[in-house]
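Colleague: A single structure is presented below for examination.
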Amino acid sequence: MLRIKNLVVDHGAIRALHGVSISIEKGQLAAVIGANGAGKTTLLRTLSGLNKATDGSAAWGEINILHSKPESLVRYGISHVSEGKSVIPELTVSENLELGALWRRNRKESEKSKKDVVDLFPRLGERLSQRADSLSGGERQMLAIGRSMMAKPQLLLLDEPSLGLAPLVVEQIFQSIRDLTTALGLTVVLVEQNAMGALKIADIGIVLNLGSIAATGSAAALRDDPAVRAAYLGF
Amino acid sequence: MFEFINTLLIGITSGSIYSLMAIAIVLVWRSTRVVNFAAGGVALASTFVGATILESTGSFWIALPIGMLAGAALSSFIEYFFLRPLLKRSGEKTQEIFLPIIATLGILGVIKAVLHFIYGDKIGVISPPLSDKGFIVSGESIALSPLRLMILGVVLALMITLTLIFQRTNLGLSLRAASFAPEISRLSGIRVDAIRTLGWAISGAAGATAGILQTTNGAGSVTPEAFEFSLLLVFGFVAAVIGGIESLVGAVIGGVTLGIILAIILMYVGGSLVFFAAFIILILVLLLRPNGIIGVKGGRRA
Amino acid sequence: MVAVHNRHITNKHRFIGFFLIGLVVYILSNIVDEWRAYQGATVAVFVVAIASVILLTGYSGQISLGHGALLAVGAYTAALTQIYFSAPIWICFAAAVIMTALVGAILGTAAARLSGPYLAGTTLAFAVGLPSIANQFSILGGEQGISFDAGWPPLSLGESFTQYKWFLWIATLTALISMWWVQNILRSRYGRSWRALKSNEVAAEICGITIGRSKVLAFTVSAGIAGLSGALLAMTMNNVSPSSFPLALSFFIATGAVLSGVSTLGGVMIGSVALVAIPLIATSASDRWSGSQSLATVLPDFIVSALLILTVFLAPKGPIEKLRSRHSK
Ligand SMILES: Nc1ncnc2c1ncn2[C@@H]1O[C@H](COP(=O)(O)OP(=O)(O)OP(=O)(O)O)[C@@H](O)[C@H]1O
Ligand SMILES: [Mg+2]
């Protein structure tokens with residue numbers, strides 16, 4: 001399980017997170033929602049070592065992850081899909097996928113994982129030898145998630161997978177995330193602008209506001225909370 | 001016609017050596033976004049190492065790989081102790097490329113001076129392992145000699161090896177991924193810092209090969225101030241830029257094109273215009289294609 | 001030549017500063033011997049050359065590894081103007097500025113479309129290529145080059161007034177005037193637009209700065225100044241030949257710019273003095289300690305290179321900024 005305690009993060013003079021504490025149980029899908037600039041991306045980037053924490057702690061199971069390097073993260077079973085369509089356009093779809101499994105140094109396993117990903121996202125299967133920059137936005141997002149699945153993670157950090165996608169595609173992606181979580185027993189931190197969509201598939205919800213936690217609880221409860229509805233769901 | 005073919009042969013040979021130097025520059029640019037003038041110093045130093053080995057063993061085929069190893073070691077040393085701390089401090093987002101250029105120029109100067117200290121006025125000799133007398137075709141001697149053939153063979157072998165490494169191996173995939181998107185690579189578990197050092201090492205080996213081949217192909221000996229090495233560096237860099245600075249294929253195309261055109265100018269127009277011609281070729285290519293022959297529009301920062 | 005950026009320094013203060021520098025040089029010129037006067041003149045030449053690089057790189061954000069070739073353009077133009085029009089020396093200087101600015105405008109037009117390594121490569125090829133064409137045209141005098149004679153000091157200055165003292169005066173005066181002018185242009189609308197460009201091209205364009213034109217203008221101005229320093233260099237050497245403008249000269253000037261601190265004009269004296277003084281110090285040091293000939297030839301290069309690396313690491317913005325930031329702490 002993921003335990004974040006009193007996490008403080010500064011970007012130079014700007015404090016992006018003011019002591020955030022979050023606890024997520026194994027197998028849970030947690031939606032982190034909040035307005036632009038709330039600190040959602042900062043939270044994920046700090047967890048994966050891309051940003052430095054000023055104070056606080058974060059542990060995944062027994063492992064203290066705050067002070068580890070981003071490249072050791074996959075080795076602890078954590079995979080981070082960063083904001084924007086996080087694929088490498090110069091590489092082929094197939095190479096993008098293989099990249100995720102490189103650290104395991106096992107070609108056979110990698111091929112097997114690739115098959116699993118293709119089963120999950122058949123559209124990628126048809127485009128394996130194309131360069132990733134020929135993909136549509138939705139396909140890129142599938143590729144990014146697919147790549148992180150190649151690493152066989154137990155904890156998945158997803159930063160706005162719905163960014164810039166058409167509503168129908170968003171629904172598809174969200175459904176895949178939900179299915180994956182249940183089928184593989186993953187723990188997922190899903191950062192989203194699309195609060196309604198995220199809370200629909202999530203088990204628990206965390207509302208960030210200006211770097212602090214504004215509300216937290218079961219996803220269903222948050223969806224029904226009038227204050228949250230007014231502030232973040234827009235109705 | 002005969003003369004023209006000979007000119008082409010000469011051009012292709014020297015062009016293939018420029019290609020190697022261009023590859024050395026492209027590899028460093030791709031892995032760390034540094035225009036690496038120290039590559040000239042690395043090539044020079046490894047040629048001296050090669051010459052020393054050649055002197056004691058008498059075998060070119062021992063001297064070459066050891067020279068390449070020396071180049072790889074020196075190049076990664078430079079990356080690890082100079083460029084890495086420099087780039088870490090200036091942050092990866094800075095578009096400033098002037099200071100790293102200047103730093104590598106400084107390193108080039110230091111390498112030359114150190115070679116001077118070590119070797120004094122001794123020259124490094126890389127005598128040709130094969131005859132440089134041209135083959136005889138229908139009674140006339142052509143510009144293709146066993147030596148030139150060997151040079152072309154070595155360059156070709158190296159290029160095929162590099163292509164296989166880059167396209168077919170996991171290591172190659174890591175190298176490419178790390179140069180295009182360091183952050184994504186890091187999050188995928190690739191040790192980007194180590195991969196960058198490796199990129200510099202391969203670059204050093206390519207530069208060493210270029211230096212050693214340039215020396216056997218030319219005067220057969222080298223001094224720390226050798227003009228030939230400044231030329232190799234300048235033409236290698238020009239070739240890399242013509243090719244698009246990001247692309248290994250571009251580096252080869254750029255190097256060979258440059259070699260052929262310069263050989264033609266040397267033969268038919270006059271030696272004093274060779275350098276100016278290199279400038280004109282570069283300008284023409286960049287006016288037509290501001291990002292080089294194989295360049296990517298916008299030259300994305302990796 | 002001190003502290004260009006400091007807002008509290010008015011034009012009057014600045015003028016007094018320039019006047020004082022001139023006065024110091026004037027007094028020194030009466031004390032020192034011919035050799036030192038020659039070195040002083042060389043420092044002045046480098047001040048102008050380095051200022052041209054700082055203007056281009058530090059202020060407009062473009063890279064040039066080819067300023068040595070621009071110096072060559074200025075030097076040849078000055079010499080040709082004298083040979084073919086028997087023009088007085090200041091006309092030769094003016095011609096050098098105009099001609100080099102023209103070449104700079106052409107080069108800058110190409111350069112404005114290029115960035116990073118492409119620009120570095122182009123200017124590098126320019127540095128190597130341009131001086132070599134002197135061998136191709138007989139009016140440029142081939143390897144021997146052509147002479148450029150600034151003339152003897154006017155008799156009114158007295159019998160004992162030496163040649164190099166005269167050069168020192170001319171070079172210093174020219175350097176002071178051009179630095180004054182460079183300062184003013186950097187503080188003008190153009191200077192501001194260059195700085196805006198350097199920090200963020202997109203934002204600058206939104207603010208109505210035409211990127212292309214602004215970059216070409218910076219290149220043109222920088223080239224004009226480089227041409228002036230080339231003409232001064234020709235004067236101190238009495239001669240212009242391709243071998244005076246090797247690639248190493250371009251690197252040397254870039255080195256001086258970094259030692260001075262590329263991002264501000266304030267330190268140009270430091271870099272210029274360093275470039276002239278280090279070889280001298282190195283030579284005398286190696287004479288004293290070892291007397292080895294080969295040591296004497298490498299030591300200057302070694303020291304300059306090592307200093308360059310140190311500067312890039314310890315004071316990437318230059319010694320002046322370094323001091324300033326330490327003061328403000
Ligand atoms: N590299 C940075 N440098 C300075 N400030 C930053 C940096 N990255 C983020 N910030 C600031 O930190 C705060 C939180 O940013 P963050 O990107 O975490 O927000 P977010 O919740 O992900 O927003 P969005 O929904 O727009 O992606 C913002 O005020 C932002 O301006
Ligand atoms: Mg965000």
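Colleague: Does A:A231 satisfy being within 16 Å of ligand 1 (Cβ to nearest atom), in a strand (DSSP E or B) and either touching a helix residue (DSSP H, G or I) at 6+ places or on another chain (Cβ under 7 Å) or modelled with pLDDT under 90 (or both)? Show your work before the answer.
Modeller: On the way: within 16 Å of ligand 1 (Cβ to nearest atom): yes; in a strand (DSSP E or B): no; either touching a helix residue (DSSP H, G or I) at 6+ places or on another chain (Cβ under 7 Å) or modelled with pLDDT under 90 (or both): yes.
In short, no.
Colleague: Tell me, which residue of the stretch A:7-34 that is part of a loop (DSSP other than H, G, I, E, B) and loosely packed, with under 15 Cβ neighbours inside 10 Å is nearest to ligand 1 (Cβ to nearest atom)? Full working, then the answer.
Modeller: The first filter runs over the stretch A:7-34 and keeps only residues part of a loop (DSSP other than H, G, I, E, B), leaving A:12-13, A:25-28, A:34.
From the residues that got through so far, the ones that are loosely packed, with under 15 Cβ neighbours inside 10 Å too are A:12-13, A:25-26.
Values: A:G12: 6, A:A13: 9, A:E25: 24, A:K26: 25 Å.
Per the stated criteria, the residue is A:G12.
Colleague: So, one more: Quickly run through the stretch C:37-76 and pick out the residues that are among the aromatic types (F, W, Y) and crowded, with 24+ Cβ neighbours inside 10 Å.
Modeller: Passing the criteria: C:F46, C:Y59, C:Y76.
Colleague: Cβ-Cβ under 6 Å, sequence separation 6+ or interchain: first residue in the stretch A:60-71 and more than 13 Å from chain B (Cβ to nearest Cβ), partner part of a loop (DSSP other than H, G, I, E, B) and surrounded by 15 or more Cβ atoms within 10 Å (Cβ to Cβ). Which pairs?
Modeller: Filtered contacts from the stretch A:60-71: A:L66/A:A53.
Colleague: Which one of the conditions (1) closer than 18 Å to B:L187 by Cα; (2) within 16 Å of ligand 1 (Cβ to nearest atom); (3) not in a strand (DSSP E or B) does A:N96 fail to meet, given that it meets all the rest?
Modeller: Condition not satisfied by A:N96: (2).
Colleague: Residue by residue through the stretch B:267-283, note down the ones that are more than 8 Å from every other protein chain (Cβ to nearest Cβ) and over 13 Å from C:F126 (Cα atoms).
Modeller: Kept after step one, since they are more than 8 Å from every other protein chain (Cβ to nearest Cβ), are these residues of the stretch B:267-283: B:267-269, B:271, B:281.
Within the stretch B:267-283, B:M267, B:Y268, B:V269, B:G271 meet the criteria.
Colleague: Is there a residue in the stretch B:243-258 that is within 12 Å of chain C (Cβ to nearest Cβ), part of a loop (DSSP other than H, G, I, E, B), among the aliphatic types (A, V, I, L, M) and within 23 Å of B:S31 (Cβ to Cβ)?
Modeller: yes
Colleague: Also: Looking for whichever is in a helix (DSSP H, G or I), in contact with a helix residue (DSSP H, G or I) (Cβ under 9 Å, 6 or more places away or on another chain), surrounded by fewer than 18 Cβ atoms within 10 Å (Cβ to Cβ) and within 11 Å of chain B (Cβ to nearest Cβ) here; the options are C:A254, C:A248. Which one fits? Give the derivation first.
Modeller: Working: C:A254 fails: surrounded by fewer than 18 Cβ atoms within 10 Å (Cβ to Cβ).
That would be C:A248, the only listed residue that is in a helix (DSSP H, G or I), in contact with a helix residue (DSSP H, G or I) (Cβ under 9 Å, 6 or more places away or on another chain), surrounded by fewer than 18 Cβ atoms within 10 Å (Cβ to Cβ) and within 11 Å of chain B (Cβ to nearest Cβ).
Colleague: Something else now. For the stretch A:72-85, check the following and say yes or no: at least one residue is more than 14 Å from chain B (Cβ to nearest Cβ) and either more than 16 Å from ligand 2 (Cβ to nearest atom) or touching a Leu at 6+ places or on another chain (Cβ under 6 Å) (or both). Break it down into steps so the answer makes sense when it comes.
Modeller: Filtering the stretch A:72-85 for residues more than 14 Å from chain B (Cβ to nearest Cβ) gives none.
Looking through the stretch A:72-85, none of the residues is more than 14 Å from chain B (Cβ to nearest Cβ) and either more than 16 Å from ligand 2 (Cβ to nearest atom) or touching a Leu at 6+ places or on another chain (Cβ under 6 Å) (or both).
Colleague: If a residue must be in contact with a helix residue (DSSP H, G or I) (Cβ under 8 Å, 6 or more places away or on another chain) and either over 12 Å from A:V9 (Cα atoms) or more than 12 Å from ligand 1 (Cβ to nearest atom) (or both), how many such residues does the stretch A:36-60 contain? If you could, list the steps in order and put the result at the bottom.
Modeller: Let us first name the residues in the stretch A:36-60 that are in contact with a helix residue (DSSP H, G or I) (Cβ under 8 Å, 6 or more places away or on another chain), namely A:48-53, A:58, A:60.
Within this subset, residues satisfying the condition of being either over 12 Å from A:V9 (Cα atoms) or more than 12 Å from ligand 1 (Cβ to nearest atom) (or both) are A:48-49, A:53, A:58, A:60.
The number of residues fulfilling the criteria is 5.
Colleague: When you go through (1) away from ligand 2 (no atom under 16 Å from the Cβ); (2) within 14 Å of the chain's Cα centre (by Cα) one by one for A:I204, which number turns out not to apply?
Modeller: For A:I204, the exception is condition (2).
Colleague: Taking the stretch B:177-199 on its own, how many of its residues are in a helix (DSSP H, G or I), in contact (Cβ under 8 Å) with a residue 24 or more places away in the chain and within 7 Å of chain A (Cβ to nearest Cβ)?
Modeller: Of the residues in that region, 1 qualify.
Colleague: Does A:S113 satisfy being closer than 20 Å to B:P182 by Cβ, away from ligand 2 (no atom under 16 Å from the Cβ) and surrounded by 15 or more Cβ atoms within 10 Å (Cβ to Cβ)? Quick ask: steps written out before the conclusion?
Modeller: On the way: closer than 20 Å to B:P182 by Cβ: no; away from ligand 2 (no atom under 16 Å from the Cβ): yes; surrounded by 15 or more Cβ atoms within 10 Å (Cβ to Cβ): yes.
No: the conditions fail for A:S113.
Colleague: When you check C:Q62 against the structure, is it within 14 Å of chain B (Cβ to nearest Cβ) and of a type in the set (S, T, N, Q), yes or no?
Modeller: On the way: within 14 Å of chain B (Cβ to nearest Cβ): yes; of a type in the set (S, T, N, Q): yes.
Yes; evaluated as a whole, the condition is true for this residue.
Colleague: With respect to A:L165, is the statement that it is within 16 Å of ligand 2 (Cβ to nearest atom), at pLDDT below 90 and of a type in the set (A, V, I, L, M) true?
Modeller: Values: within 16 Å of ligand 2 (Cβ to nearest atom): yes; at pLDDT below 90: yes; of a type in the set (A, V, I, L, M): yes.
For A:L165, the condition - within 16 Å of ligand 2 (Cβ to nearest atom), at pLDDT below 90 and of a type in the set (A, V, I, L, M) - is met.
Colleague: Residues of the stretch A:149-199 being away from ligand 1 (no atom under 16 Å from the Cβ) and within 14 Å of another protein chain (Cβ to nearest Cβ), which ones? Don't jump to the end; show me each part of the working.
Modeller: Of the stretch A:149-199, the ones away from ligand 1 (no atom under 16 Å from the Cβ) are A:149-156, A:166-169, A:171-188.
A:M149, A:M150, A:A151, A:K152, A:P153, A:L155, A:L156, listed by residue number.
Colleague: If you take just the helices (runs of 4 or more DSSP H) that sit entirely in the stretch B:1-103, which of them hold at least 2 residues that are under 15 Å from B:L213 (Cβ atoms)?
Modeller: Values: elements: B:2-32, B:38-57, B:60-78, B:84-90.
In the stretch B:1-103, B:2-32, B:38-57, B:60-78 are the helices (runs of 4 or more DSSP H) which contain 2 or more residues that are under 15 Å from B:L213 (Cβ atoms).
Colleague: Those residues that are within 14 Å of chain B (Cβ to nearest Cβ) and either away from ligand 2 (no atom under 14 Å from the Cβ) or acidic (D, E) (or both), I need them from the stretch A:1-49; list them, please.
Modeller: Just the residues of the stretch A:1-49 that are within 14 Å of chain B (Cβ to nearest Cβ), to begin with: A:11-12, A:41, A:44-49.
A:G12, A:G49, listed by residue number.
The values are calculated or read from the model by the stated rules, or taken from the named source; none is laboratory data. Not measured: the values here are computed from a predicted model. Counting neighbours? That spans all protein chains shown, and the Cβs are built from the backbone with ideal geometry, glycine included.
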